[in-house]
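One structure below.
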Amino acid sequence: DLCGLDDAQVLYPGTGTVGAGTVGSAPPVFRASGDEPLEQPLVRCRGCGLAYVNPRFPVGRVVDAYTAGEDPRFVAQSASRARTFARALRFLSRWGDGRRVLDVGSACGSFVASARDAGWTAEGIEPNHWLRAWAHERYGVRLHDGTLAPGRFVPGAYDWLTFWDVLEHVPSPRATLEEASRLLRSGGHVAINFPDFGSLPARLMGRRWVFVLQVHLYYFTRRTLGALLARTGFRPVVWRRHWQTLPAGYVLERARQALGRVGRFLPPVERIRILRSFPLRYWVGQSLVVAQRLPASSEEP
């Protein structure tokens, strides 16, 4: 999706029914809270270095899977996620002079509500029916239905597009960023946080890294995402670690799973009830990039 080359080396072979290079017949499990370990082979392009799942499920199956079903575990984390977004908004306010934002893959609407409460003009788009209804009931926000398909929104209408834990999920990040460029005014910005495949935790943990998941189709490093941004009309202006807040119980449980035998020495969450909902700020390799849309040749004086 970056250089177009079809020549890749296998980083992690597939497991189970997908070990032979197929995606199997079972329907994929794609949801906002999806944390099932990756089963398909993970490969890295020999040309540009982009890591991606190959083979992948057809686009229609991915979109359909995100559209259906309920996700109560994700909405149970909404208060902690709002803490992350409040910090992020204070950081984004340092860049650019506009405050109209379209949030892509809004899930339960926590970012849209946080931006609205901070004085931004905020919209969101989300394919899952149940999450959109929850966002309306809980926050009073109405999210657009579906995905960032071409032609749905007015070109040049936004100062910001945000992608919080989203770009690694989409079937074509390149097409998504091209559409983002079309929707932004000249000089507008995108904010993208992503699991950084080049981070120290990712390199140390290998396949046990907590973000090597069935729901992630692409695995970006700062270099490969920077190259993709450049190809789609953006100039990165700042990179930084992205610290997130989630309930400590959830973070500990994920750590137990990722650490295997070592994880057995962590205290079971059910024994320490206060940890179940205690907001824990953590970092295990997430990055955030803010990038500015460059003017197209037709827009230059």
Any hit, the stretch 134-143, residues being over 21 Å from the mean Cα position of the chain (by Cα), modelled with pLDDT of 95 or more and in a strand (DSSP E or B): no
Enumeration of residues in the stretch 97-128 that are among the hydroxyl-bearing types (Ser, Thr, Tyr) and touching a Phe, Trp or Tyr at 6+ places or on another chain (Cβ under 7 Å): Ser110, Ser114
Within the stretch 222-252, considering residues that are touching a Leu at 6+ places or on another chain (Cβ under 8 Å) and among the aromatic types (Phe, Trp, Tyr), the one surrounded by the most Cβ atoms within 10 Å (Cβ to Cβ): Phe234
Residue within the stretch 150-157 that is touching a strand residue (DSSP E or B) at 6+ places or on another chain (Cβ under 6 Å) and touching a residue at least 40 places away in the same chain (Cβ under 8 Å) present: no
Selected residue (criterion: modelled with the lowest pLDDT) from residues of the stretch 242-301 that are among the aromatic types (Phe, Trp, Tyr) and under 30 Å from Arg90 (Cβ atoms): Tyr250
Test: Ser199 is surrounded by fewer than 23 Cβ atoms within 10 Å (Cβ to Cβ), closer than 21 Å to Leu228 by Cβ, more than 14 Å from the chain's Cα centre (by Cα) and not β-branched (Val, Ile, Thr): yes
Filter pass, Leu184 being hydrophobic (A, V, I, L, M, F, W, C), under 17 Å from Val43 (Cβ atoms), surrounded by 21 or more Cβ atoms within 10 Å (Cβ to Cβ) and in contact with a Lys or Arg (Cβ under 7 Å, 6 or more places away or on another chain): no
Odd one out for Glu179 among (1) buried (at least 19 other Cβ atoms within 10 Å of the Cβ); (2) in contact with a helix residue (DSSP H, G or I) (Cβ under 7 Å, 6 or more places away or on another chain): (2)
Residues within the stretch 55-67 that are more than 25 Å from Ser181 (Cα to Cα), open to solvent by 60 Å² or more (accessible area, probe 1.4 Å) and either part of a helix (DSSP H, G or I) or in contact with a strand residue (DSSP E or B) (Cβ under 7 Å, 6 or more places away or on another chain) (or both), tallied: 2
Tally, over the stretch 128-143, of residues that are without any contact (Cβ under 8 Å) to a residue 60 or more places away in the chain and surrounded by 18 or more Cβ atoms within 10 Å (Cβ to Cβ): 6
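The values are calculated or read from the model by the stated rules, or taken from the named source; none is laboratory data. The model shown is predicted, which means the values in this text are computed figures rather than measured ones. Cβ atoms come from the backbone with ideal geometry, glycine included; neighbour counts cover every protein chain shown. Areas reflect the complete protein model, heavy atoms only, side chains present, ligands, DNA and RNA absent. Shrake-Rupley method; radii C 1.70, N 1.55, O 1.52, S 1.80 Å.
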